[in-house]
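Engineer: Just passing along the structure, written as structure tokens.
The values are calculated or read from the model by the stated rules, or taken from the named source; none is laboratory data. As the structure is a prediction and not an experimental result, all values here were calculated from the model. Don't worry about glycine lacking a Cβ; one is built from the backbone with ideal geometry, like all the others, and counts go over all protein chains shown.
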Amino acid sequence: MVLNRLSKRFAELRAADRAGLVVYTMAGDPDHDAALAIMKGLPGAGVDIIELGMPFSDPMADGPAIQLAAQRSLAAGGSLARTLDTLRAFRKDDRETPVVLMGYYNPIHAQGPAVFAAQASAAGADGVIVVDLPPEEAPELTVHLNEHGIHLIFLTAPTTDAARLPTVLEQAGGFLYYVSITGVTGTASADEKAVEAAVKRLRQHTDLPIAVGFGINTPAQAAAIARVSDAAVVGSAVVKLIAEGNGPGPVLDFVRALAEGVHSARK
């Protein structure tokens, strides 16, 4: 089993009997310096785990908010290499907060899985989510990630049935990411009762922590999900605030409200 900052953080959350807050931001959005300033502020605002988006020109699982974030990042010079630059800069001041890189396989394949794994490890990544990499094709990446102690995190959805689930779980590490809605990010709201039933079903098949994302847009929604899962993931709602261009302040204020909701949900 790969043990790193991600494993340690979930162990700390279990010991404290609370869920974690995972926040997604796009690297390089709206530009490198602004994105880094926001990322550096997230742990102090109560974020337990950061998902750092790797900009890609065809983010098929993402709704309009994150698609536009990717476009802004790419227009400002964003790339896989610049994403790793952002992570390296973040790690100069923060060696404790787990960071998961999230994106699509094309840039990783173009760089080469072995090179990517080595560079991601050197930059300080703890996990990778590759939205469009099916588990059948994952060994070409996991063999290299495992060498560097990086988890490959898989998505499951309401449409993932019992026959498919073992294939997904075979190589899964870090945590299991449950996509609470059918569709792309930022287009619907998660239903707490449906999520609770899904998490209970998934727990019968894995000991991995279960984080729930897609469709969580408010502190109240995040708190509701935190009551029934190991972590709530918020992305589009944060990215929309970044798009307004008012700097880190409003973004981090919103994140603090999310953290308050998540961290007090089980009290």
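Engineer: Kindly indicate the residue of segment 36-60 that is at pLDDT below 95 and surrounded by fewer than 18 Cβ atoms within 10 Å (Cβ to Cβ) and also nearest to Glu12 (Cα to Cα) among those meeting that condition.
Structural biologist: Met60
Engineer: Looking at (1) crowded, with 20+ Cβ neighbours inside 10 Å; (2) over 15 Å from Ala231 (Cα atoms), find the lone condition where Ala122 falls short.
Structural biologist: (1)
Engineer: Moving on. Read through the list (1) over 24 Å from Leu258 (Cβ atoms); (2) of a type outside the set (Lys, Arg); (3) within 18 Å of the chain's Cα centre (by Cα), then give the number of the only condition that Asp29 fails.
Structural biologist: Single failed check for Asp29: (1).
Engineer: Being aliphatic (A, V, I, L, M), farther than 26 Å from Ile225 by Cβ and touching a Pro at 6+ places or on another chain (Cβ under 6 Å) is the filter here, so list the residues in segment 130-184 that pass it.
Structural biologist: If the condition is that a residue be aliphatic (A, V, I, L, M), farther than 26 Å from Ile225 by Cβ and touching a Pro at 6+ places or on another chain (Cβ under 6 Å), then Leu141 is the only one that fits.
Engineer: Let me ask you something else. Would you pick out the residues in segment 238-253 that are under 14 Å from Leu68 (Cβ atoms) and touching a residue at least 60 places away in the same chain (Cβ under 8 Å)?
Structural biologist: Val238, Val239, Lys240, Ile242, Ala243, Gly245
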